[in-house]
Amino acid sequence: MNKKIIIILAILLIMLAISITLPVRADNATTASNTSPLIASNYNVACLQTAIEKRDNAMIATLTIYNGAIIPAISARADALKSAWGLANQNSRSAAIKKAWSDFLALEKASLKALKADKRVAWSQFRKDKAVCKVKKGFSLEGLLDGDYTHAANDLQL
């Protein structure tokens, strides 16, 4: 009972901390939108948006692959456990239950390992892509887009 109370209090404290920090982050986000549409906090916005989309699409693909592997594994485990519990002999039942769980856990472990590796790759690539989007300090597009310099947005990847 005491553990439940401690867990509930911890969750409430976390929720309180999040609710306190959210307004601060929202204020910071609105000030960034007042900057040039091509540069926000020294980043090429279009480049950064592309990098974010690339990362998130990779994450969606990774999770889709993981779900495609783990859902059938859970179904197979459920079928194996139901069959095992139907066995009359206790030794056979115990062995079948143990095998159902060990098969599932092996597949789950391999799936999680692949998921983590794919997520690492996606984030690593995002960091590289984000670094390319960084604009040198002191560089400004002010006045460049008025004349024949409409290609200046391409020069942001310095």
One point scatterer per Cα, no solvent, Debye formula: log10 I(q)/I(0) for the range 64-116 at q = 0.14, 0.25 Å⁻¹ comes out as -0.39, -0.85
Please work out how much length the chain gains when fully extended from Ala131 to Thr50, using 0.36 nm per residue of separation minus the C-alpha to C-alpha distance, in nm with one decimal. 27.9 nm
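Can you pick out the pairs among Lys54/Lys109; Lys54/Lys113; Lys82/Lys109; Lys113/Lys134 whose Cα atoms lie more than 29 Å from each other? Display every interim value, and only then the final one.
Details: Lys54/Lys109 27 Å; Lys54/Lys113 22 Å; Lys82/Lys109 22 Å; Lys113/Lys134 32 Å.
Going by Cα-Cα distance, Lys113/Lys134 fall outside the 29 Å limit.
Which net charge results when you count Lys and Arg as +1 and Asp and Glu as -1 among the other residues whose beta-carbon is under 15 Å from that of Glu108? Walk me through the numbers before you get to the answer.
Values: positive: Arg77, Lys99, Lys109, Lys113, Lys116; negative: Asp103.
With Lys, Arg at +1 and Asp, Glu at -1, the net is +4.
Where Lys and Arg each count +1 and Asp and Glu each count -1, what net charge lies around Ile52 among other residues with Cβ under 14 Å from its Cβ?
Overall, the nearby charge balance is +2.
Read-outs throughout are calculated quantities, based only on the coordinates presented, and are distinct from any laboratory measurement. Worth saying up front: this structure is predicted, and the values here are computed from it rather than measured. Cβ sites come from the backbone with ideal geometry, for glycine too, and all protein chains shown count toward neighbours.
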